[in-house]
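The values are calculated or read from the model by the stated rules, or taken from the named source; none is laboratory data. Given the structure is predicted, the values throughout are model-derived calculations rather than measurements. All Cβ positions, glycine included, derive from the backbone under ideal geometry; neighbour counts span all protein chains shown. The accessibility values were calculated without ligands, DNA or RNA, using every heavy atom of the protein model including side chains. Shrake-Rupley method; radii C 1.70, N 1.55, O 1.52, S 1.80 Å.
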Amino acid sequence: MNHALTVSGLTKTYPDFVLDGVSLCVPSGSIVGLIGENGAGKSTTLHAALGLIRRDAGQVFLLGRDAMDNAVREQLGVVFDGDNYPESLSPAKIGRVLKHIYRTWDDSAYSSLLRQFSLPVDKPLRQFSKGMRMKLALSAALAHHPKLLILDEATSGLDPIVRDDLLDMLLDFVQDEAHSVLVSSHITSDLEKIADYIVFLHEGRVVFSKAKDELTERYGILKCGTAQFDALEREDWIAYREMEYERQVLVPDRDRARRKYPKAMVVPATIDEIMLLYVKGETQ
Amino acid sequence: MKGVFLKDLYITKSNLLVVVGNLVVLGFGVSFLFDPGAILVLAPAAAVTPVFISIAGDASSKWNKNALTMPLSRGQLVGEKYLLYGLLAALGPLAALLPCGALALAGRPVSPQSLWLYGALGLSAALLSGGISLPFAYCMDPEKSQIVFMLSFLVSTGIIAALVVLINQLIPVKTHLVPAFLAVLAVSLLCFLGSCRVAIEVYRKRDVT
């Protein structure tokens with residue numbers, strides 16, 4: 001399988017935070033969601049992968065190359081959370097600027113994306129809402145026909161309708177098998193809709209990296225009392241949380257748990273619940 | 001680099017018009033007190049302020065971070081700011097020549113020698129202060145780098161004085177004012193180009209988040 005991005009053993013040490021040997025890959029033609037709580041290391045991972053910060057250790061292969069040169073950047077579209085362009089510029093001026101930066105810049109694709117998102121062409125960005133700025137950043141990132149799109153918390157702070165528009169755009173983008181997306185977000189419901197793989201970061205480490213279908217179709221929450229919990233075999237569960245009237249136990253295979261513990265209630269787990277139990281659950 | 005330069009021209013356009021307007025008005029004002037050419041000393045320093053506004057704006061709008069994911073090197077991004085600084089430093093005296101020309105047409109005495117002298121002095125001060133302060137703009141926050149920019153004019157005045165003393169050892173400056181200050185300008189230009197290399201190295205080693 002070809003990978004648009006491969007990160008292995010990525011390490012970056014700050015006085016108060018360590019990104020500790022992060023490894024992940026983005027297979028071509030797929031959407032990979034990078035999830036984790038605030039401060040888990042999602043942005044640091046993306047910044048290090050993009051060469052914005054120097055890494056202490058580890059390797060990054062972007063579109064098959066280990067150097068972030070102009071040939072790679074030409075095929076890369078990046079959207080960061082918040083501002084991406086000076087607010088005194090209008091979409092038309094940004095288009096003229098980017099036309100002189102990207103050799104593959106496509107004016108007609110850019111205009112078509114601006115029309116599709118109903119963005120005014122000549123208004124300065126300072127008059128744009130956050131959602132409009134994000135749509136503009138995505139239009140600019142797509143207008144030079146990138147192969148890999150990287151979005152860092154691009155949907156945070158946006159209303160559900162704008163988020164849905166952006167997610168639709170990402171799904172359209174990966175219809176071409178040569179295109180891939182790496183999107184970091186703490187809004188896991190967005191990733192449940194679009195991601196093929198989920199990489200979960202916690203305190204600077206990868207907790208798991210799995211196909212989304214495996215998570216949503218196999219993982220489950222087993223709800224039981226203390227006595228029932230004591231009867232569970234350790235290999236059957238990952239973590240549990242003590243609730244007011246029950247224990248919620250994260251199980252890696254809910255069908256197996258249903259067969260093995262027929263008296264317990266086992267329900268499907270959302271990615272949010274899986275993340276919550278991994279982070280806040282007890283493992284002993 | 002053309003795209004980044006265009007972006008900065010869009011951003012500095014409104015600031016530039018204000019600077020040019022101020023220089024023309026100030027030129028007429030100064031001419032009542034001093035030699036009309038004296039405005040050429042201030043002009044380059046006044047004209048380069050949009051560069052610092054642009055560097056601070058790039059950081060606050062996260063353009064820096066975004067630009068580094070585009071087919072642009074860190075060297076190109078820094079080099080473009082130096083190019084813009086150099087062009088604005090040259091544009092300032094040209095704008096200041098407008099009131100000088102108008103006053104000369106109106107019959108006020110404007111000597112070419114004083115224009116060369118003040119022009120070389122103003123450009124030298126601007127290039128030296130840019131050479132000192134621009135690398136700091138890439139390793140300090142915008143507020144601190146503005147302070148460095150202001151202090152750098154004091155330092156550059158000292159450097160110019162030292163250079164004049166040094167040149168005086170070789171040729172008598174009093175009788176060769178223009179060549180002496182053109183030599184100061186040449187040294188300032190070399191320092192400015194050297195500073196560009198330093199700033200590129202500083203920025204290459206810097207984490208941009």
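Quick look at the values:
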item	result
Debye intensity ratio I(q)/I(0), log10, region B:2-205, q values 0.11, 0.14 Å⁻¹ (C-alpha model)	-0.54, -0.84
Length gained when the stretch B:K174-B:R206 is fully extended (0.36 nm per residue, less Cα-Cα span)	6.9 nm
Chain A - mean residue ellipticity at 222 nm from DSSP helices (-39,500 (n - 2.57) per run, n ≥ 4, rounded to 500)	-9500 deg cm²/dmol
Alpha carbon convex hull of the protein assembly as shown, volume per residue in cubic angstrom	177
Length-normalised contact order of chain B in % [C-alpha pairs under 8 Å, at least 6 apart]	27
Label-point separation, B:L151 to B:F34 (7 Å along Cα→Cβ), nm	2.5
Under the Karplus curve 6.51 cos²θ - 1.76 cosθ + 1.60, θ = phi - 60°, whole-Hz ³J(HN,Hα) for region A:114-123, x wherever Gly or Pro sits	4, 5, 4, 8, 6, 9, x, 7, 9, 7
Theoretical ellipticity at 222 nm over chain B - DSSP helices of four or more residues, -39500 (n - 2.57) apiece, nearest 500	-29000 deg cm²/dmol
Where labels lie 7 Å past Cα in the beta-carbon direction, separation of A:T104 and A:E233 in nm	5.1
Mean separation of Cα contacts under 8 Å (6+ apart) over length of region A:13-136, as relative contact order %	19
Region A:219-280: proportion of alpha-carbon pairs further apart than 14 angstrom, %	48
Cβ crowding within 10 Å averaged over residues, with B:92-102, B:180-190 ranked highest first	B:92-102, B:180-190
Amide proton proximity set for A:A239, modelled H, under 5 Å, gap of 5+	A:L250
Whole-angstrom Cα spans of region A:3-215 along principal axes, big to small	45, 37, 35
Label point 7 Å beyond Cα of B:K144 along Cβ direction - residues of region B:105-134 with amide nitrogen under 18 Å	B:132-134
Antiparallel content of DSSP bridges confined to the protein assembly as shown, in %, to 5	65
With DNA, RNA and ligands ignored, accessible area of B:M140 (1.4 Å probe; Å², nearest 10)	60
For residues of A:65-74, the mean tally of beta carbons on other chains within 10 Å	2
Simple spin-label estimate for A:S189 and B:K2 in nanometres, 7 Å along Cα-Cβ	4.7
Average beta carbon contacts from partner chains per residue of A:80-91, 10 Å cutoff	5
Exposure rank, largest accessible area first [A:R241, A:R254; 1.4 Å]	A:R241, A:R254
Kirkwood Rh and Cα Rg combined as Rg/Rh, region A:113-213	0.99
